[in-house]
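Peer 1: Dumping the structure here so I can ask a few things about it.
The numbers here are math on the coordinates, done by the rules we state, and not lab data. Values in this document were obtained by computation on a predicted structure and should not be read as measured data. All Cβ positions, glycine included, derive from the backbone under ideal geometry; neighbour counts span all protein chains shown.
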């Protein structure tokens, strides 16, 4: 996207195509400002604290970015998958994905997504936790799933919006939050910055109800 586009409504401090697609789904067109920050978890840091810290740091880094020239809010987010107390990042290789998916198999895990919306003088945060239940997985399914390429860039080695949906028997919480950006909470934050993707239109005279 061209910097300074007249259609730009906000900045997105994320390289995730899924987050950009979710914003586009509700009519928002962000300009992407990817931020390179240290994403290592601190010793003893709880997963929900961890993702909230990273979302805040990404938003603050974007505000300092020289490409951030328009007086628009920055949206940043971070997502982590937690099972049996372990934070599951992106798998490094097949064996790593096998280990993660075997851990998730037949169990309920948590997906934490934190969202930060910021301007220089204002920072708003939201944290959304969703419980996701996996059915029992077979080894051949895990290997076949890896071969599709989908798990390679996904926390927890699966994508709820793709083939990985076939493993999920239940979710309790935000579907879009598991994808990486809880839309309801994000839009609630954006309203505090004067941004709403929907504008009420007057009913047409004689229109059917």
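Peer 1: Go ahead and estimate [θ] at 222 nm for the chain from helices alone: -39,500 (n - 2.57) per DSSP H run with n ≥ 4, summed, over the residue count, rounded to 500.
Peer 2: -8500 deg cm²/dmol
Peer 1: How many Å³ per residue does the convex hull of the Cα positions in the chain occupy?
Peer 2: 154 Å³
Peer 1: Also, quick follow-up: Under the 0.36 nm per residue contour assumption, what length would be gained going from the current alpha-carbon distance of residue 40 and residue 94 to full extension?
Peer 2: The span from residue 40 to residue 94 would gain 17.3 nm if fully extended.
Peer 1: Please compute the modelled spin-label separation between residue 102 and residue 161, points set 7 Å along Cα→Cβ, answer in nm with one decimal.
Peer 2: It is 3.1 nm.
Peer 1: So for the chain: antiparallel DSSP bridges make up what percent, rounded to the nearest 5?
Peer 2: Here the share of antiparallel DSSP bridges comes out near 85 percent.
Peer 1: Right, another one. Suppose R0 equals 45 Å. What FRET efficiency, 1/(1 + (r/R0)^6) with r the Cβ-Cβ distance, do residue 144 and residue 29 give to the nearest 0.05?
Peer 2: The value I calculate is 0.75.
Peer 1: Roughly how many whole Å is it from the C-alpha centroid of the stretch 143-166 to that of the stretch 36-78?
Peer 2: 25 Å
Peer 1: Pairs of alpha-carbon atoms within less than 8 angstrom and 6+ residues apart define the contacts here; what relative contact order does the chain have, in percent?
Peer 2: 20 percent.
Peer 1: Also, quick follow-up: Quick one: what Rg and Dmax do you get for the stretch 58-178 from the alpha carbons, in Å?
Peer 2: Cα only, the stretch 58-178: 16.8, 52 Å (Rg, Dmax).
Peer 1: By counting other Cβ atoms within 10 Å of each Cβ, how are 75, 32 ranked from fewest to most?
Peer 2: With the sparsest Cβ surroundings first, the list reads 32, 75.
Peer 1: If you rank 100, 179 by fewest surrounding Cβ atoms within 10 Å, what's the result?
Peer 2: By the 10 Å Cβ count, ascending, the order reads 179, 100.
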